[in-house]
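Right, one structure below, let's go through it.
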Amino acid sequence: MNKLILISILIGLSIIGAASIVVFSEDSLESQIQKTVYENDFTFYDVEKIKKSLEGKNIFMSTPVAITDHTVSQYCTYFDSKNEQKTVEYCTTTALLNSDDQTIGNLNMGGTTDGPVMALAIIDASPFLNSRYDEVNSVFEIMVETLVCDCWEQRQPGGFDTVKSWIDAASEKYEKSSQTTMKSEITGLDNKRLILEITSSGESYLWTLLVLK
């Protein structure tokens, strides 16, 4: 389990070009009250929690590798709510592998050495959009439960009763669209931003989930 194939992130870049963007907000009075109950500022150590949970789904993770050189922006960068590009000074990346020991994507965290401000997972699906449907659902759901809160079914942000239903809606919208990139955003869930992006890279599809503090 020591393979490491890095996939450069595309999250946020679609905002500049033609893309379908859907934003759902959770900033209601009820969600503001419940934020203190579900507050969960994730740390780099949460990678171990994600790793343990993914093993139950037959998805495995390599040992985290730190990226601190000039390539850090390729793996831990994002666009904020004002569409301004943000980079971090410290980034860790791990490879995601299936039960056949094949690399299916990466899970990255970035911020400073004191702690992350972002986390993202990228799943490479080919040749079809839903070629890695089960892996996408498992990785994204476990990320949300570990880094945001185990409260999705209670809160149902955006009207989606599960993370899976959010993914399904995004997949359906993407398949009906003529654009190569689609982004769906949920804000306010435990005071976090969740950005789901699907994009075609020509021969494959990249599924990306970005979690921002």
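Keeping every protein chain present and rolling a 1.4 Å probe, give me the accessible area per residue for region 51-142 in Å².
Accessible surface, normalised per residue, equals 45 Å².
Going down the table (82/173; 173/213; 57/164; 176/213; 82/192; 86/213), which pairs top 20 Å between alpha carbons?
Violating the 20 Å limit, Cα to Cα: 82/173; 173/213; 176/213.
Which order do the peptides 165-175, 182-192, 86-96 come out in when sorted by mean C-beta neighbours inside 10 angstrom, highest first?
182-192, 86-96, 165-175
Restricting the calculation to Cα positions, tell me the Rg (one decimal) and the Dmax (whole number) of region 54-194 in Å.
15.6, 43
The values are calculated or read from the model by the stated rules, or taken from the named source; none is laboratory data. Everything numeric in this text was worked out from a predicted model, so none of it was measured. Here the Cβ is made from the backbone with ideal geometry for all residues, glycine too, and neighbour counts use every protein chain on show. Remember, those area values only see protein heavy atoms, side chains included, never the ligands or the DNA or RNA. Shrake-Rupley method; radii C 1.70, N 1.55, O 1.52, S 1.80 Å.
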